[in-house]
Amino acid sequence: MTAPSTPDPHRKRHAGRVVKALARSYPEAFCALKHRDAFELVVATILSAQCTDARVNLVTPALFERYPHARALADADPGELESIIRSTGFFRDKARNLIAMARGLVEQHHGEVPRDLDDLTRLAGVGRKTANVVLGTAFGIASGIVVDTHVQRLTQRLGLTERNDPVKIEQDLIAVIPPKEWVNFSHRLISHGRAVCTARKPLCDACSLASICPKIGVDAASRPKPKAVAKSKPLDESTPALSKPASPQSTAARRKRSTHAH
Ligand code: SF4
């Protein structure tokens with residue numbers, strides 16, 4: 001990754017307020033994708049491209065039972081794998097990537113998921129976003145800030161970036177957010193994007209960040225009228241939100257919880 005942007009003191013203070021407000025609203029951040037270990041998280045994250053986490057979570061139990069480790073997935077019959085993951089969309093490409101990714105793990109990493117950004121991004125189907133998810137959530141390594149469609153939209157609305165390219169957005173965020181917050185910041189923003197600051201109808205009148213949010217790009221006409229928003233929408237249990245602080249110390253506990261709660 002290229003060097004982060006030069007921090008703007010004003011933006012840095014603003015980012016600090018956003019981080020605190022998100023932490024108050026979403027004290028428990030947990031990964032939406034059900035997984036028990038890093039291998040399962042890599043697989044689930046690859047499947048989540050152009051697909052909801054809820055849909056992925058419907059598919060992965062059978063998938064992980066059939067292919068419980070990299071070696072099994074590396075030897076998978078493409079047709080059988082495709083039939084299991086079909087409902088996640090782009091299933092042929094995903095099946096091809098999953099098998100190639102698993103072969104990469106077997107051939108280059110003894111079947112284990114590497115804890116290194118460059119090693120991860122060399123695997124088939126694993127981009128920087130997936131690598132950041134895996135390192136942060138499975139290993140508690142803050143390698144960067146996950147910028148998905150929610151993070152992109154919300155950070156623009158919140159005035160933390162003016163850019164559109166996810167890599168450049170990540171640079172802007174890294175410049176103003178302390179590394180220890182990187183993992184949870186993404187998780188919390190994703191939760192907020194799903195529950196409140198949605199793409200089509202941001203619930204600004206019920207938003208816990210409203211007092212500090214410049215609402216950039218939010219057309220007032222696109223927002224529901226106050227009376228249409230009775231109360232702040234609670235975080236839906238089905239909303240796959242976030243993960244526990246990704247500190248190395250909490251990794252074991254998070255994995256355990258992930259097995260049950262996700
Ligand atoms: S105030 Fe509106 S635009 Fe800003 S974060 Fe909340 S819902 Fe999104």
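The values are calculated or read from the model by the stated rules, or taken from the named source; none is laboratory data. Please read these numbers as outputs of a predicted model, since none were measured by experiment. Backbone-built Cβ (ideal geometry, glycine too); neighbour counts: all protein chains shown.
Scan region 143-156 and give yes if some residue there is over 15 Å from Ala15 (Cα atoms), within 16 Å of the ligand (Cβ to nearest atom), acidic (Asp, Glu) and not in a helix (DSSP H, G or I), otherwise no. Taking every residue of region 143-156 in turn, at least one turns out to be over 15 Å from Ala15 (Cα atoms), within 16 Å of the ligand (Cβ to nearest atom), acidic (Asp, Glu) and not in a helix (DSSP H, G or I). I'd like the residue in region 198-217 that is surrounded by fewer than 16 Cβ atoms within 10 Å (Cβ to Cβ) and basic (Lys, Arg) and, out of all such residues, is nearest to the ligand (Cβ to nearest atom). My answer is Lys201.
Matching residues to (1) more than 20 Å from Thr137 (Cβ to Cβ); (2) basic (Lys, Arg); (3) over 17 Å from the mean Cα position of the chain (by Cα):
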position: Arg11; (1), (2), (3): yes, yes, yes
position: Val19; (1), (2), (3): no, no, no
position: Ala32; (1), (2), (3): no, no, no
position: Asp75; (1), (2), (3): yes, no, yes
position: Ser83; (1), (2), (3): yes, no, yes
position: Arg96; (1), (2), (3): yes, yes, yes
position: Ala102; (1), (2), (3): no, no, yes
position: Asp116; (1), (2), (3): no, no, yes
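Taking region 1-68 and the helices (runs of 4 or more DSSP H) fully enclosed by it, the elements with 2 or more residues that are closer than 22 Å to Lys168 by Cβ are at 9-25. The single residue among Ala206, Ala195, Ala199, Ala175 that is among the small types (Gly, Ala, Ser) and in contact (Cβ under 8 Å) with a residue 60 or more places away in the chain turns out to be Ala175. On the stretch given as region 73-92, residues that are in contact (Cβ under 8 Å) with a residue 24 or more places away in the chain and either in a helix (DSSP H, G or I) or among the aromatic types (Phe, Trp, Tyr) (or both) total 7. Ala70 meets the stated requirement of being within 17 Å of Arg36 (Cα to Cα), touching a Gly at 6+ places or on another chain (Cβ under 6 Å) and surrounded by 15 or more Cβ atoms within 10 Å (Cβ to Cβ). Scanning region 168-197 for residues that are within 16 Å of the ligand (Cβ to nearest atom) and farther than 19 Å from Pro27 by Cβ turns up Ile169, Leu173. If you check Gly127 against the conditions, is it modelled with pLDDT under 95, out of contact with any Phe, Trp or Tyr (no Cβ under 6 Å at 6 or more places or on another chain), buried (at least 18 other Cβ atoms within 10 Å of the Cβ) and small (Gly, Ala, Ser)? Taking the combined requirement at face value, the residue does not satisfy it.
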